[in-house]
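Structure first, then comments.
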Amino acid sequence: MRIDIISLFPEMFAGFLESSIPLRARKKGFLDLQLHNLRDYSTNRYKSVDDYPYGGGAGMVISIEPVDNCISALKAERDYDEVIFTSPDAPVLDQPTANTLSLCRNIIILCGHYKGVDERIREHLVTREISIGDYVLSGGELAAAVITDAVVRLIPGVLNDETSALSDSFQNGLLSPPVYTRPPEYKGWKVPEVLLGGNDRLKEQWRYEQALARTRERRPSLLDDKA
Ligand code: SAH
């Protein structure tokens, strides 16, 4: 999968790309992530990419021309399944969306900054908008990293044990059950007896019941969705 991220601060992705699953996905050839500095697509001599908002008000707005230049240059090279814009007023990222995006071959993620981007970018150049939650970030970079991480770990082969993504929260409409590792007892705090025994059917049943109870308690809306 190829992901092209358009940003004013591409250096923000450095640590993210050099660690953990995103690094492994890149090394194994499952992820080709290319960063593009929007400033490189500015055609004016000051390399500016933003301007004052029409009608007044605080904050600068990212202009349409450099964004169009960058997206057009990318589209001239290959077809894209989605051009995603990160925005707090968009539908919030969820696991079904991550699953859908993990099937894409090429996507572009545009990171906004300052007051946002010229609305015509959203109307004419963007095919999907995603928020990562009901709060406002300084820019779309962290949102793009969150989207990339959630999507890339779902590409078959990226995680060593493929079933481990399938048993994560939300994949079957339930939260994940609690997990434990050695030692079986620490400061008197015990691992549930059933997990230490040899009966796989009982363990599976225990995990399902825990997942259900946890979902009912913490995210009852997930159970409503199923009904
Ligand atoms: N004026 C805008 C916020 C701009 S924040 C508003 O009130 O809606 C600057 C940029 O950060 C946005 O254009 C967007 O790309 C990014 N951003 C901020 N919060 C975000 C969130 N919750 N999810 C995704 N992107 C976000």
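The values are calculated or read from the model by the stated rules, or taken from the named source; none is laboratory data. These numbers come from a predicted model, not from an experiment. Counting neighbours? That spans all protein chains shown, and the Cβs are built from the backbone with ideal geometry, glycine included.
For the reader, a short list of remarks on this structure follows.
- Among the residues of region 50-89, the ones that are in a loop (DSSP other than H, G, I, E, B) and either surrounded by 15 or more Cβ atoms within 10 Å (Cβ to Cβ) or in contact with a Lys or Arg (Cβ under 6 Å, 6 or more places away or on another chain) (or both) come to 8 in all.
- Filter pass, ILE108 being outside any strand (DSSP E or B), modelled with pLDDT of 95 or more, within 16 Å of the ligand (Cβ to nearest atom) and surrounded by 18 or more Cβ atoms within 10 Å (Cβ to Cβ): no
- Residue under evaluation LYS115, criteria (1) in contact with a helix residue (DSSP H, G or I) (Cβ under 9 Å, 6 or more places away or on another chain); (2) of a type in the set (D, E, K, R); (3) within 12 Å of the ligand (Cβ to nearest atom); (4) in a loop (DSSP other than H, G, I, E, B), criterion not met: (1)
- Scanning region 194-206 for residues that are assigned to a helix (DSSP H, G or I) and surrounded by 10 or more Cβ atoms within 10 Å (Cβ to Cβ) yields VAL194, LEU195, LEU196, LEU202, LYS203, GLU204, GLN205, TRP206.
- Near pairs, Cβ below 7 angstrom, 6+ apart or cross-chain, from region 206-227 (more than 23 Å from LEU195 (Cα to Cα) and polar (S, T, N, Q)) to any residue that is surrounded by 16 or more Cβ atoms within 10 Å (Cβ to Cβ) and modelled with pLDDT of 95 or more: none
- Any chance GLY133 is loosely packed, with under 15 Cβ neighbours inside 10 Å, modelled with pLDDT of 95 or more and not in a helix (DSSP H, G or I): yes
- Residue in region 118-128 that is near the ligand (Cβ under 6 Å from one of its atoms), in contact (Cβ under 8 Å) with a residue 40 or more places away in the chain and out of contact with any helix residue (DSSP H, G or I) (no Cβ under 6 Å at 6 or more places or on another chain) present: no
- Of VAL152, VAL179, all but one fail to be in contact (Cβ under 8 Å) with a residue 12 or more places away in the chain, β-branched (Val, Ile, Thr) and more than 16 Å from the ligand (Cβ to nearest atom); the exception is VAL152.
- One residue from ALA98, ALA143 being among the small types (Gly, Ala, Ser), under 14 Å from the mean Cα position of the chain (by Cα), more than 6 Å from the ligand (Cβ to nearest atom) and within 21 Å of LEU35 (Cα to Cα): ALA98
- Region 136-166, residues that are part of a loop (DSSP other than H, G, I, E, B) and crowded, with 16+ Cβ neighbours inside 10 Å: LEU137, GLY140, ARG153, LEU154, ILE155, VAL158, LEU159
- Unique match (being within 13 Å of the ligand (Cβ to nearest atom) and either hydrophobic (A, V, I, L, M, F, W, C) or over 20 Å from GLY112 (Cα atoms) (or both)) among LEU166, LEU137: LEU137
- Answer residue from region 161-210, given it is among the polar types (S, T, N, Q) and modelled with pLDDT of 95 or more and is nearest to ALA98 (Cα to Cα) among those: SER176
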